[in-house]
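Reviewing the structure listed below.
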Amino acid sequence: MLPIKVPPLGESIIEATVSRWLKKEGDVVAAGDTLVDLETDKITVEVPALKPGVLAKRAKKEGEVVHVDDVLGELDDTAVPATVGAAQAAAPAAKAPAPTPSPAAPPAPARSAPPPAGQSETTKSSPVLGAPAGTERAAAAAWASTAAPSAPSRGGNGATPGERETREKMSTRRKRIAENLLQSQHATAHLTTFNEVDMSALNALRDKYKEKVEKEHGVKLTFMPFFVRAACQALKQFPMVNAQIDGDTIIYKHYVNMGIAVASEQGLVVPNVKDADRKGTIDLSREISEVAKRARDGKLTMDDLTGGTFTITNGGVFGSLISTPIINYPQVGILGLHKTQDRPIAVNGQVVIRPMMYVALSYDHRIVDGQQAVLFLVRVKELVEDPAAMLIE
């Protein structure tokens, strides 16, 4: 029997939770097939079969906490059906570039029958870090819907009819999120300042160019890259908001790795766009879209999640009108964006209706003075209300 062990999980990560078994005992697997997903506080780790065989034992249940080198189960690598061996032998040939089909070549026939009972369909495994490819996820979901035993109907809160309370163990990621939030509150002198931004000019600029940008560059032009650029320029003017405390030393970062808070099914994650201060609006749009997709798909890498210097969070996508964001420790500042809402304001002595957004800056008062925080937020406001100014700085 070949033991299936928890692989190295990444720098400073010592434990994970068994998130989901993709194979059941008795399933035939090929080398490279994902057997089980492990959820850490940062990423999802796939554990693949190192050899073809049959999954003989699942030693850990879904929801159990495991550590590096723990035995998750056993693989019987002596029970290799001929079909699996043939598939493995054919794999190198399948990876070779296929000849370009002629225009008259008929399409490949669609597969109409499922694999034999008790045998999982072989799918191409995605990298060890991150979640399985979409087709593999779909196959796993289909397997779960047909192979899982029937259970009582449960509501959206996980309760069966008549239950007054339910208990659910925190996942590793949820526990770590809770720990980090408490650490931020306890280890920093937390303070928040607010302002409001007239979004009229940015709305007009986006409406004018969004179709052109999507057509020519293949990316959707959202508001986030403009706020990222505005924040980067404000951080250059007020570098202490982009700094970090190390004991009795202040470390000034002469670059901006911009964290973008993303809500995923596994919980809140904050991947970052490296050297955001050196990128233009189109490049920022593309990278923000890509990193957000990786976050939602569970495909983030450790590099995505480390090295951030400042963070932006947008509660407005969920309808939040105003909030006090918590600093992403050990950073010292986080910019909170909110819902844009038409409100009456006074302009040149006249009451007009404008699309307004409240913005918030939470900062560590140990190294960021109130004056600097307020002026930082005023600078962000000025740049967003006059987006052309971002192009000449």
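Computed values, structure above
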quantity: Members of region 1-31 found to be in contact with a helix residue (DSSP H, G or I) (Cβ under 8 Å, 6 or more places away or on another chain) and either at pLDDT below 90 or open to solvent by 10 Å² or more (accessible area, probe 1.4 Å) (or both), listed by number; calculated: GLY10, GLU11, GLU15, ALA16, THR17, ARG20, LEU22, LYS24, VAL28, ALA31
quantity: Qualifying residue in region 289-301 (condition: closer than 18 Å to PHE223 by Cα, out of contact with any Leu (no Cβ under 6 Å at 6 or more places or on another chain), open to solvent by less than 60 Å² (accessible area, probe 1.4 Å) and outside any loop (DSSP other than H, G, I, E, B)); calculated: yes
quantity: Residue within region 341-354 that is part of a strand (DSSP E or B) and open to solvent by less than 30 Å² (accessible area, probe 1.4 Å) present; calculated: no
quantity: Residue check, LYS57 assigned to a strand (DSSP E or B) and more than 17 Å from GLY298 (Cα to Cα); calculated: yes
quantity: Verdict on ARG379 being among the charged types (D, E, K, R), free of Cβ contacts under 8 Å to residues at least 40 places away in the same chain and either farther than 27 Å from ALA187 by Cα or assigned to a strand (DSSP E or B) (or both); calculated: no
quantity: Members of region 357-376 that are open to solvent by less than 20 Å² (accessible area, probe 1.4 Å) and under 15 Å from ILE327 (Cβ atoms); calculated: ALA360, LEU361, SER362, TYR363, ASP364, VAL368, ALA373, PHE376
quantity: Scan of region 261-288 for residues that are modelled with pLDDT of 90 or more and of a type in the set (A, V, I, L, M), ordered by number; calculated: ALA261, VAL262, VAL270, VAL273, ALA276, ILE282, LEU284, ILE288
quantity: In region 315-340, the residues that are among the aliphatic types (A, V, I, L, M), open to solvent by less than 80 Å² (accessible area, probe 1.4 Å) and part of a loop (DSSP other than H, G, I, E, B); calculated: LEU321, ILE326, ILE327, VAL332
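The rows are residues; the columns are (1) β-branched (Val, Ile, Thr); (2) at pLDDT below 95; (3) open to solvent by less than 20 Å² (accessible area, probe 1.4 Å); (4) not in a loop (DSSP other than H, G, I, E, B).
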| site | (1), (2), (3), (4) |
| --- | --- |
| LYS220 | no, yes, no, no |
| PHE227 | no, no, yes, yes |
| ALA230 | no, no, yes, yes |
| VAL241 | yes, no, yes, yes |
| ILE250 | yes, no, no, yes |
| GLY259 | no, no, yes, yes |
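The values are calculated or read from the model by the stated rules, or taken from the named source; none is laboratory data. Please read these numbers as outputs of a predicted model, since none were measured by experiment. Note: ideal-geometry Cβ built from the backbone for every residue, glycine included; neighbour counts use all protein chains shown. Surface accessibility is based on the protein's heavy atoms, side chains included, excluding ligands, DNA and RNA. Shrake-Rupley method; radii C 1.70, N 1.55, O 1.52, S 1.80 Å.
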